[in-house]
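Report on the following structure.
The values are calculated or read from the model by the stated rules, or taken from the named source; none is laboratory data. All values derive from a computational prediction rather than experimental measurement. A quick note on method: Cβ atoms are made from the backbone with ideal geometry, for glycine too, and the neighbour counts reach across all protein chains shown. To get the accessible areas, we keep the full protein, side chains included, count just its heavy atoms, and leave off ligands, DNA and RNA. Shrake-Rupley method; radii C 1.70, N 1.55, O 1.52, S 1.80 Å.
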Amino acid sequence: MDFGNDSIRTRHAWMLLAAVPFVLHSFAILPTFCPSAWGGEQSSTQPITKDPQPLLKGLQSPSYRTRRESFLQLCDRSYPVDAWLQEQSISDNRHDAALANWLLQLRRTDGPLEERLEVLNAFQSASQGDSRLLGQMVANGQWDRALEVLQILPAPIVQNILRDQGELGRLIELAWSSGQERIVPRLIDLVTPPEEKPFINRWWRDLGMPDSWQLSLPPTPSVELAKLQAAEEWDAAVQFAKSNGLELALERVLVRSGNWSLWLEEVQRPGSRLRMNGRNTLGQKLAASMLLGRNEEMRHHWNAIKDRSKGTVAGAPFSLALAFDDRETFQTAIEKADPAVAFDIYHNQLGDLKAAFAVVGLNNLEPETVRTWAQSYFRKLLATRKPNDSYPHDLLRSLLSAFHQIGEPEIETIIDGVCEQELLRDSRSAGSFLSRELLEIWRITNQRTKAVNYLRELSIRKNYPLTVLSNRILTEESPSLEEPCFEAVFGSYLIEPFLIYEYFVKKHMQGEDGTAEQAIRKAFENLNDLHEGRKPKEWNDLEPLREMVFAVRQRIGELHRDDSLFCWGIALLLQELGDPQGAIALLQESRENLNSASELANLLAKSGNMDQAAILMKQLMDSSPGNHFLFLRTADLLERSGRHSELDSLRLRELSAVHSLPLLTGLRRIDLESLEEHAATRPEMEWIAERWRRLYPDIGSRIESSWRYIIAKKHREKIPEAYEAASRNLFVRAGDGEAFQADDSRTRILLLDALPVFCLQAIHEKNLAETDRWIRMAHRIEPTQIQIPIDVLPWADEIFPKEVVDRWFDLYFQSMVQAIDAFPNDAVSLNNTAWLCALCDRNLDKAKEFADRAVAIRRDPTYLDTLAEVEFRSGRAREALELSQQCRALEPRDGQHKKQIRRFSKALTTEHE
């Protein structure tokens, strides 16, 4: 079509634009073409007014004619409104400014009409919730045009498209992958609150991003305050907030800077708006006074919380009472507590099993007393269980765990017998639930052999799998009752264990001795061999495994499940069986799964194909932005393969991301302890943590605090940063209305997250009194939480006198010994006490005694591993190596045993040199 003739262009413009109604902000406009706006004849439909304000108001008129004429005149170049629109284009109101800019563009452009029409069409569609035309522009590489539409849309619509519909992350990734990263800051500018922009700008500058990576900063007091905070000019920020009446913003300044003293002054000032911010200020007052070490204030705020919680059993402050050594309040609260809550606190938190049993009316643990009690109590719990009701579920699980922990075989037999009676009585509802719980308890109390034997006999009795032996149909909507039981016993190392079992039963039913019982017994042997990383004895090679994998994948497909996780699990098994190439081949078929692709890259790297591994991880990273686990592994592989320019590009892409939700997701995904050592110590870790501190200190504060703590344990110079994060997390979460007030479990987690970091900071400052205060508080809250002394005391040994550190160790050691004295055959407590002694390098003779006793009770790989550690710490590396090799034989797929064998072997080699 020829647009060279004005009259032809005008006719087509009127015809096309008449059919493009669109919504502008909260009113409708019919956009029509103004010839003079593109060099055509001037409009004479309405006299030109001197004041443009009525025209803008006319755009909101309910009259179609008024709206139309106002729009035409604003587009007319002969109307001298450019200077006024220029002023409006820098308005504080983002939408008004964007609208003014757009009108200016319409008045100045001489571009093709089709482009204007596309913008108007996309604008109208997006205003009605349809962003397909916008997507088409992006797909065609018309980024600037798409941004033009987004900039003139009302803010709520932009927020809906980019944030609520999740388009922001997708568009950002498309921009990077298409070489249009210049678009990224402009997209982020559209949805970022003004007061957050200075922090992002400062972060980008420090990263070394191009100068064009700048978000617009309206000249408002809140933005000026944010600039001061971004520069960490805290005193100036406080004064600015006070002088400009930004009281709620002042609170954010004080939290970011950790100025707890001034926060307390402000919140306690008469008329302070901080009292009305919708948060639990009482909890935050307590947290702030704890951080400042103000004991009198702490007691005052603790008493206020006690008064508020009176009569609210669900929110009884058990952990706070223990923290402040208020035994009277604790005792009063525990006596009123729900039995499940009280039992959990005594059993799992305080390690007092006798008190836990007393809560449920069992003061005498004579076998016949236990039998009578269990028959009545278990049946009552199961009878009251309802769907989605956690009370009997949680209490029954705790009871089973406690009975199997005390190490009394006769009582264990009684409890197991009572459970079996209930299973026979009601096998489909409560029974299936109970069987899962019983099997799970056996597994976690290191009685897996017992669980395997029980499930095998249960399968013989019940004809499991019912799909094979009773013609029951298994569908996606109708899962089997027995499937969760197989997950409980074999799910640690096998994916889809029930379908594997089903395959083996079918295969053995087709054999010469095809009875159901024989097929089940052989299937269990095969399944257990694979779970433990062994080839079944009747297999001469791995061809039967390949046949099984093929059949099970077909079955997974029939059930409309994803087989990628199954393939990943089999690939790990193939590595154990000495076939890494088979593992690689299988993973290459199912690399869509994150685990599969990551493991494939790991195998390629191990086999020397570093380039292939790096390329695969880079592709995986492109499809999984914001995943910090992948980011660190990919960065490591790129560096090791010499791809430095790609590494630099990846760093900028990942670290410049500032959209909070993907960051939070990525931080949750990562487990630093599971990363390879060379990846876990990479410098990018510090950058990721720093981004959280500077950009989003309130969002996901617990995750950042945990991240900093793990870094600090590896790098002691990072302890102050970990302390700042833990302090901020304690303060922020103390105000969420749950912790410190309504939910004691959250309070316990919050305190135990913070206290070990506080201990490390006090040690770092060589402050003996503060270290003592935090260690004793942590011990009162959970005296059997041995990870805290294991993390803290080795560092304390380097700073404080040995006799002082010995007293802290004895706090935990004596608590553990009390649990052993109460139940001498408690293998779990024996093992944990030995582990505590070994890793704190104390009482090694007692550690040897306890570890030997635990192994004598049950020769479990976990207990043998502890004994190996004790032997090694006692200077007997050869004995330690022999024990770890036994662990490896019993549990070949556990990485801990492989690591210990390497460690002990290296020590022996060093001894001989």
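Restricted to region 325-366, the set of helices (runs of 4 or more DSSP H) holding at least 3 residues that are more than 25 Å from residue 788 (Cβ to Cβ) comprises 327-336, 353-359. Step by step: first the residues of region 486-502, then only those that are assigned to a loop (DSSP other than H, G, I, E, B) and of a type in the set (A, V, I, L, M), then the one that is most open to solvent (accessible area, probe 1.4 Å). Which residue is that? Among those residues, the one meeting the criterion is 495. Is it the case that region 427-434 has a residue that's within 28 Å of residue 859 (Cα to Cα), at pLDDT below 90 and crowded, with 18+ Cβ neighbours inside 10 Å? Among the residues of region 427-434, at least one is within 28 Å of residue 859 (Cα to Cα), at pLDDT below 90 and crowded, with 18+ Cβ neighbours inside 10 Å, which makes the answer yes.
Within region 435-460, the residues that satisfy the criterion of being at pLDDT below 85, part of a helix (DSSP H, G or I) and either of a type in the set (Val, Ile, Thr) or more than 24 Å from residue 826 (Cβ to Cβ) (or both) are 435, 436, 444. Annotation note: Cβ proximity below 7 Å between a residue of region 481-509 that is of a type in the set (D, E, K, R) and a residue that is in a helix (DSSP H, G or I) and open to solvent by less than 10 Å² (accessible area, probe 1.4 Å) (sequence gap 6+ or interchain) occurs for 482/498; 483/498; 487/497; 496/552; 496/556; 496/566. Here the condition is being over 18 Å from the mean Cα position of the chain (by Cα), open to solvent by 30 Å² or more (accessible area, probe 1.4 Å) and modelled with pLDDT of 95 or more; of 782, 765, it holds for 765 alone.
Residues in region 199-220 that are open to solvent by 60 Å² or more (accessible area, probe 1.4 Å) and either assigned to a helix (DSSP H, G or I) or of a type in the set (Val, Ile, Thr) (or both): 202, 205, 206. Screening residue 526 against (1) outside the structural domain of residue 581 (by the TED database); (2) within 27 Å of residue 578 (Cβ to Cβ); (3) open to solvent by 10 Å² or more (accessible area, probe 1.4 Å) leaves a single unmet condition, (3).
If you go through region 173-198 and keep only what is in a helix (DSSP H, G or I) and either polar (S, T, N, Q) or open to solvent by 20 Å² or more (accessible area, probe 1.4 Å) (or both), you end up with 173, 174, 176, 177, 181, 182, 186, 189, 194, 195, 196. Consider region 304-328. How many of its residues are modelled with pLDDT of 90 or more and either open to solvent by 40 Å² or more (accessible area, probe 1.4 Å) or more than 19 Å from residue 783 (Cβ to Cβ) (or both)? Looking only at that region, the number is 3.
On the given criteria, is residue 832 under 30 Å from residue 773 (Cβ atoms) and polar (S, T, N, Q)?
yes
Only residues that are acidic (Asp, Glu) and touching a residue at least 60 places away in the same chain (Cβ under 8 Å) were counted in region 754-806, giving 3. Within the set of pairs 6+ apart or on separate chains, which have a first residue in region 418-437 that is among the basic types (Lys, Arg), a second that is surrounded by 20 or more Cβ atoms within 10 Å (Cβ to Cβ) and modelled with pLDDT of 75 or more, and C-beta atoms under 8 Å apart? Pairs found: 436/485; 436/488. Please determine whether any residue of region 289-301 is at pLDDT below 90 and either closer than 13 Å to residue 751 by Cβ or outside any helix (DSSP H, G or I) (or both). The answer is no, given that none of the residues of region 289-301 is at pLDDT below 90 and either closer than 13 Å to residue 751 by Cβ or outside any helix (DSSP H, G or I) (or both). Please work out which residue is surrounded by the fewest Cβ atoms within 10 Å (Cβ to Cβ), limiting yourself to region 688-727 and to residues that are in a helix (DSSP H, G or I), touching a residue at least 60 places away in the same chain (Cβ under 8 Å) and touching a Lys or Arg at 6+ places or on another chain (Cβ under 8 Å). The residue in question is 694. Note on region 865-888: residues that are open to solvent by less than 70 Å² (accessible area, probe 1.4 Å) and assigned to a helix (DSSP H, G or I) total 15.
Any idea which residue in region 567-588 is farthest from residue 501 (Cα to Cα), counting only those that are touching a Ser or Thr at 6+ places or on another chain (Cβ under 8 Å) and open to solvent by less than 30 Å² (accessible area, probe 1.4 Å)? That would be 584.
May I ask you to list the residues in region 884-899 that are more than 19 Å from residue 447 (Cα to Cα) and not polar (S, T, N, Q)? Result: 895, 898, 899.
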